[in-house]
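A quick write-up on the structure given underneath.
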Amino acid sequence: MKFFIDTANLDEIRQAHALGILDGVTTNPSLMAKEGIKGRDNILKHYKAICDIVEGHVSAEVVSTDFKGIVEEGELLASIDEKIVVKVPMIKDGVKAIRHFYKNGIKTNCTLVFSAGQALLAAKAGATYVSPFIGRIDDVGGDGLDLIEQIVNIYNNYGFETQVLAASIRHVPHLIQCAEIGVDVATCPLSVILGLLKHPLTDVGLERFLADARKTME
Ligand code: G3P
């Protein structure tokens, strides 16, 4: 299972990278706006800065919604660095563009996926990754993890190469259940990655070991 960090914050990306367990980064326009990145050149420079930190794939999202615009924007993003994966929304022109990128050797991440049907379309079009949003489905009373399981089963049935990238992960149990289901990739905030470290018995145990170690040094 690959771990991606879902942020455009360079410091958080560096922290996750320093742990040695980071496989890639996902961003979206909201995360870029949160960092105060403004203007096309600054956006491109910021993606390059992310690529310079990590070894794996970096998803950079298009904001065009028509086929021509998505293709032009995607090609520009892909030209920044070979690590760039063009993130394309699950809309009709997005599916067409994913197919176009597939034929032209540009990797894609199909985003804003909320149903098995959408995931099936993304795989048929040749998306490198599909991003179902767990937390946002839970937010409206659904079960995001049920969707993840459905997609993994469908992809396994037909041997689709599209990787299931579980997104909108809000807490550790989401991440653990994704691992149990067998997603290819989970993208989550730094707080969730660091949350994996935590267990009260580890803290109590360490305190006791260190206290006993001090006794052996007296
Ligand atoms: O990057 C897409 C996704 O992970 C967004 O998460 O928490 O804004 O629903 P969230």
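One table, with the values for the structure above:
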{"item": "Those helices (runs of 4 or more DSSP H) lying entirely in region 172-218 with at least 1 residues closer than 30 Å to A8 by Cα", "result": "172-181, 190-195"}
{"item": "Residues that are open to solvent by less than 20 Å² (accessible area, probe 1.4 Å) and either over 20 Å from D11 (Cα atoms) or more than 16 Å from the chain's Cα centre (by Cα) (or both), drawn from region 43-78", "result": "V62, G69, I70, V71, G74, L77"}
{"item": "Within region 151-170, tally of residues that are in a loop (DSSP other than H, G, I, E, B) and either charged (D, E, K, R) or free of Cβ contacts under 8 Å to residues at least 24 places away in the same chain (or both)", "result": "3"}
{"item": "Any pair with Cβ under 7 angstrom, 6 or more apart, that starts in region 136-150 at a residue that is touching a residue at least 24 places away in the same chain (Cβ under 8 Å) and ends at one that is in a helix (DSSP H, G or I) and open to solvent by 70 Å² or more (accessible area, probe 1.4 Å)", "result": "L145/Q177"}
{"item": "Flag if S168 is closer than 28 Å to G39 by Cβ, loosely packed, with under 15 Cβ neighbours inside 10 Å and at pLDDT 95 or above", "result": "no"}
{"item": "Residue list for region 30-42, filter: open to solvent by less than 60 Å² (accessible area, probe 1.4 Å) and closer than 19 Å to P89 by Cα", "result": "L31, M32"}
{"item": "Residue in region 30-49 that is more than 14 Å from the ligand (Cβ to nearest atom), modelled with pLDDT of 95 or more and within 22 Å of G159 (Cβ to Cβ) present", "result": "no"}
{"item": "Contacts under 7 angstrom Cβ, first residue in region 4-26 being over 20 Å from V183 (Cβ atoms), partner open to solvent by 40 Å² or more (accessible area, probe 1.4 Å) and assigned to a loop (DSSP other than H, G, I, E, B), 6 or more apart", "result": "A8/E35; N9/E35"}
{"item": "Members of region 79-99 found to be more than 16 Å from the ligand (Cβ to nearest atom), surrounded by 19 or more Cβ atoms within 10 Å (Cβ to Cβ) and over 17 Å from the mean Cα position of the chain (by Cα), listed by number", "result": "V95, A97, I98"}
{"item": "Those residues of region 172-197 which are open to solvent by 60 Å² or more (accessible area, probe 1.4 Å) and under 10 Å from I134 (Cβ atoms), in sequence order", "result": "Q177"}
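The values are calculated or read from the model by the stated rules, or taken from the named source; none is laboratory data. As the structure is a computational prediction, the values presented were derived from the model and not from experiment. Note that each Cβ is placed from the backbone with ideal geometry, even for glycine, and that neighbours are counted across all protein chains shown. These area figures cover heavy atoms from the full protein model, side chains too; ligands, DNA and RNA do not enter into them. Shrake-Rupley method; radii C 1.70, N 1.55, O 1.52, S 1.80 Å.
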